[in-house]
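Working notes, structure below.
Every read-out reported here was derived from the displayed coordinates using simple, explicitly stated rules and does not represent laboratory data. Keep in mind it's a predicted model, so treat the numbers as computed, not measured. Counting neighbours? That spans all protein chains shown, and the Cβs are built from the backbone with ideal geometry, glycine included.
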Amino acid sequence: MAAPVPGPDLHHAAVHHRRRRSGAHLRRGVRGGPRGLTSGRRWPADRASGRPPAAPPPARHPPEFFTRNHARPSPRERSARSRRHTMSVLFVTGTGTEIGKTVTTAAIAAAALARGRSVAVLKPAQTGVTAHETGDAAEVERLAGPVTTLELARFPDPLAPATAALRAGLPPVLPQDIAEAAAKLAASHDLVLVEGAGGLLVRFDADGHTLADAARLAKAPVLIVAQAGLGTLNATALTALALRSYGLDSPGVVIGSWPATPDLAARCNLTDLPDAAGAPLLGLIPEHSGALAPDAFRAAAPGWLAPALGGSDAFRIPS
């Protein structure tokens, strides 16, 4: 068991502080999505009694997912931690498909396991895989080590979840299903990683609900996994813009497949991606990392990630 988790990191704290100072968290609410599932309106006054309305619950600070303290807490400290802190849930989305979300999820899980944390991996909708084939969650377990895995649905066609469910004649996965499953896993794990399908706004059902709707219900931040080379700045900026429109925070960006010999565009993107995302660059996963033997993957994974994602203090972005 890792040491007590401290407060939110500096990036999250600054974002939260700016919103509290400006009152934007009250004005905007969570109405940004095309089909809002909840409302950001203030409660009306109790006109019958003339009393002012009860105060809404305090805003939740975005959690920090990892701590740098490797010391194991005492039973009393662990009990105090369980009373003081909510468990961490992190959604992982991509700027597209086949860009390294699964390997990135595995790297984060491996880094967390190395710090003594318990990890669960939730795959809401696994598409393009038959009942007897290995899915993304099982691949994370193979690479990272002993994690709890859960799929909510599996559809054989390699399509968007809504279309794949329709073609299979199966019910779709709804945002509330994802949020409820994440909450149940968080009750017994230190970290829950929710890996999306394709990009952020891929449809999960006929009503157009997306991973962003699920993250909003779960009140969880969303990590962006991006490509390295040409074209990634636009895709990353659009994903970040969509996150903001839903009122969601992002801890940062990870490049899901960093080439051994990066070209000029990839090297320039190391500087430009944080500007496009409005969030820091938190990881570089070397290309073909998923082909490593599990022991080699687990030993190397912390070095691919910044400390904010549980990585090594030695992590550096190439100049």
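Taking the Cα-to-Cβ direction at Asp313 and at Ser245 and moving 7 Å from each Cα, how far apart do the two end points lie in nm? It works out to 4.2 nm between the two label points. Computed from label points 7 Å out along Cα-Cβ, the spacing between Leu170 and Leu230 is 3.9 nm.
Amide H contacts under 5 Å for Val121: Thr148, Thr149, Leu150, Leu193, restricted to partners 5 or more places along the chain or on a different chain, H placed in the peptide plane at 1.01 Å from N. When you restrict to C-alpha pairs under 8 Å that are six or more residues apart and normalise by the size of the range 231-319, the relative contact order lands at 26 percent. Rounded to whole numbers, the Karplus 3J(HN,Hα) couplings from phi for the range 160-172 are 4, x, 5, 5, 5, 5, 4, 5, 7, x, 10, x, x Hz, using 6.51 cos²θ - 1.76 cosθ + 1.60 with θ = phi - 60°, and x at Gly and Pro. Of all DSSP bridge pairs formed entirely within the range 169-319, close to 10 percent run antiparallel.
Each of Thr130 and Asp295 was given a label point 7 Å from its Cα along the Cα-to-Cβ line. The distance between the two points is 3.4 nm.
For Val254, the residues whose amide H sits under 5 Å from its own are Ile224, Val225, Ala226, Leu282, ignoring neighbours fewer than 5 places away on the same chain, with H placed 1.01 Å from N.
Summing charges over all other residues whose Cβ lies under 15 Å from the Cβ of Thr232, with Lys and Arg as +1 and Asp and Glu as -1, gives -3.
Along its first, second and third principal axes, ordered by size, the range 99-250 spans 40, 36, 30 Å in Cα coordinates. Measuring between their Cα centroids, the range 212-262 and the range 155-178 lie 23 Å from each other.
The value for the range 205-319 of Rg(Cα) / (2.2 N^0.38 Å) is 1.13.
Computed extension gain for Thr97 through Thr261, at 0.36 nm per residue and net of the alpha carbon distance, reaches 56.8 nm. Packing around the peptides 290-300, 164-174, taken as the average count of other Cβ atoms within 10 Å per residue, puts them in this order, highest first: 164-174, 290-300.
Annotation: amide H of Val202 within the under-5 Å range of Leu211, sequence separation 5 or more or interchain, hydrogens built in the peptide plane.
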